[in-house]
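The values are calculated or read from the model by the stated rules, or taken from the named source; none is laboratory data. Please read all numbers here as calculations on a predicted model, not as lab measurements. Note: ideal-geometry Cβ built from the backbone for every residue, glycine included; neighbour counts use all protein chains shown. Just the protein is used for accessible areas: all its heavy atoms, side chains included, with ligands, DNA and RNA removed. Shrake-Rupley method; radii C 1.70, N 1.55, O 1.52, S 1.80 Å.
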Amino acid sequence: MENQTMLYREIYRCFTPGAGACIDSRSVRPKCIFFGLPGARVDGADYARAALAAGARLAVVERDDLEGVEGVVVVPNAREALQQVALLHRDTLRIPIVAITGSNGKTTTRLLTMSALAPELKVGGTVGNLNNDLGVPLSLLDLQPGIDIAVLELGANHPGEIRVLCQIARPTHGLITGIGNAHLEGFGSLEGVAHAKGELFEYLKETGGLAFVNGDDKLVVQMAQRVHMGCMASSYTRAAYRAQGHLDANGFLSLEFTWAGRQYVVNTQLAGLYNIPNVLAAIHVASYFGVEMPRVVEGISQYHPENNRSAIVQRGERRLLVDCYNANPTSMRAALESFFSLPSQEEKVAILGEMRELGSASRASHAEIVELLREHPDVGVVLVGKEWSGLEGDYPRFDSCEACKDSLQSYLPNGALVLLKGSRGVELEKLLEIL
């Protein structure tokens, strides 16, 4: 073990702040460290020479046959090496690190928070959707020199994963966006989800960190109470901010709130009333770190949704509400209820992909969504994915996006308002090619 620790330190001595690390030889940057991880189909070590030729300073691999190749470092476990090198880098950072997790909205909340902080602070954070035991180390190593604060996203689908990620990222502050029925296949129950997400609060309690507590989510509050956060918590609620949200004529969320006796309005470029807690979280975190409220409002208003999350897209006469990066029963219901409430003269059509990773709860969860749809017969519906089969309702159903492409146009009036919502694996974004 001592020899391995020394080896990790030797690797870190070759690390160039700002150059980062990568696990894909196609994304090599000059002076970065390439970690060639073995996979089910591809062994990253096969690309060690290519990574070095592309400018990587080191290639860290597990393959003994590459021992002695200039620039190659052979380790017992490349994944562990990546995590340990990231941990060494974390030890050099003297900045607040805010960790964000939750069942819904963690990516949007993370990006909103970064935008709210950005007008007055130099902000770093998670790269893309790199939020697992590989992504968090890569994001840490990608933090640029001179930043004032970092916001990292922690994802998990099994108990214990958040704790592992906390031990790598060592957050000083943390936020759980909300707790809902997501990844039930891995967590087993809603209570299991709550305890797994609550591992973030447990870590902060143990290390003297501070939790931002969504006081409007009773399960988040319970997790804070379970670990006795006490004065180590900063709570926020819609009532405390006197927050009122509405959708404008184009479907964008506008939020009115009060801070220090003054009223503010932030006009976002987000779709959906379900984003109110995400915006409020960003406001609360940024104000805690001293960003002046007018600048917070400015930063949030300039945030543009990305990666098919809560975006409004105009395609000819059609308006598309694209929120198909992920879905679970909680987020699906929230998206639909917001969609139903949107004032519009356009015909509404919901294209819904199946919700995955729900385990034994899948059938009942899909049935509940169908029951909600049946309460709104004026809204057109197209269902994509096998989990919808056999449920009530006379709706067009297709096993995949490819299967519905040819006939989809017949279900969509030219001037329709269309919601796309489904799990990432359904790939509903492929339908944007024809809408």
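Net charge of the neighbourhood of H173, taken over other residues with C-beta under 13 Å away and scored Lys/Arg +1, Asp/Glu -1, is +3. Accessible-area rank, largest first, for S103, S389: S389, S103, with all protein chains present and a 1.4 angstrom probe.
With no solvent and one equal point scatterer per Cα, compute the Debye intensity ratio I(q)/I(0) for the stretch 163-272 at 0.10 Å⁻¹ and report its log10, rounded to two decimals. Debye output, listed in q order: -0.38.
How much length, in nm to one decimal, is gained on full extension between T92 and E10, taken as 0.36 nm per residue of separation minus their Cα-Cα distance? Present the calculation step by step, with values, prior to reporting the outcome.
Working: separation 82, 0.36 × 82 = 29.52 nm, distance 1.54 nm.
Stretched fully, the T92-E10 segment lengthens by 28.0 nm.
Using 0.36 nm per residue, how much length does the chain from V313 to A50 gain when fully extended, once their Cα-Cα distance is taken away?
Details: separation 263, 0.36 × 263 = 94.68 nm, distance 3.95 nm.
The V313-A50 span can extend by a further 90.7 nm.
In terms of Cα atoms, the Rg and Dmax of the stretch 243-356 work out to 15.0, 45 Å. For the stretch 19-133, the convex hull spanned by the alpha carbon atoms encloses 135 Å³ per residue. Taking the chain as a Gaussian network of alpha-carbon nodes connected by springs under 10 Å, the highest mean-square fluctuation of the residues I147, I33, I179 belongs to I147. Checked against a 22 Å cut-off, the cross-linked pairs K386/K421; K106/K348; K106/K421; K31/K106; K348/K421; K106/K386 give Cα-Cα distances beyond that limit for K106/K348; K31/K106; K106/K386. Could you list log10 I(q)/I(0) for the stretch 132-217 at q = 0.12, 0.18 Å⁻¹, which the Debye formula gives when each Cα is one point scatterer? Treating every Cα as an identical point scatterer, log10 I(q)/I(0) equals -0.37, -0.80. Counting only DSSP H runs of at least 4 residues, each contributing -39500 (n - 2.57), and dividing by the residue count of the chain, the helix-based mean residue ellipticity at 222 nm comes to -10000 deg cm²/dmol. Of L121, L7, P38, which is farthest on the positive side of the dipole of the stretch 1-135, counting Cα position, with +1 on Lys and Arg Cβ, -1 on Asp and Glu Cβ, and the Cα centre as origin? Value: L121.
Considering only G135, G146, G353, the Gaussian network model of the chain with Cα springs below 10 Å gives its largest mean-square fluctuation to G146.
Only one of (1) 66, 48, 42; (2) 90, 56, 42; (3) 68, 55, 40 was calculated from the structure for Cα extents along the principal axes in Å, and its label is (3). Taking all Cα pairs closer than 8 Å and separated by 6 or more residues, the relative contact order of the chain comes to 12 percent.
At 1.4 Å probe size, with the rest of the protein present, what percent of the exposed accessible area of the stretch 289-368 is carbon and sulfur atoms?
Values: 1530 of 3420 Å².
With neighbouring chains kept in place, the figure for the stretch 289-368 is 45 percent.
For S400, the accessible surface of its heavy atoms amounts to roughly 50 Å² (probe 1.4 Å, protein chains only, rounded to the nearest 10).
Compute the accessible area per residue over the chain, keeping the other protein chains in place, probe 1.4 Å, unit Å². Walk me through the numbers on the way to the answer.
On the way: 18690 Å² over 435 residues.
Computed with neighbouring chains in place, this is 43 Å² per residue.
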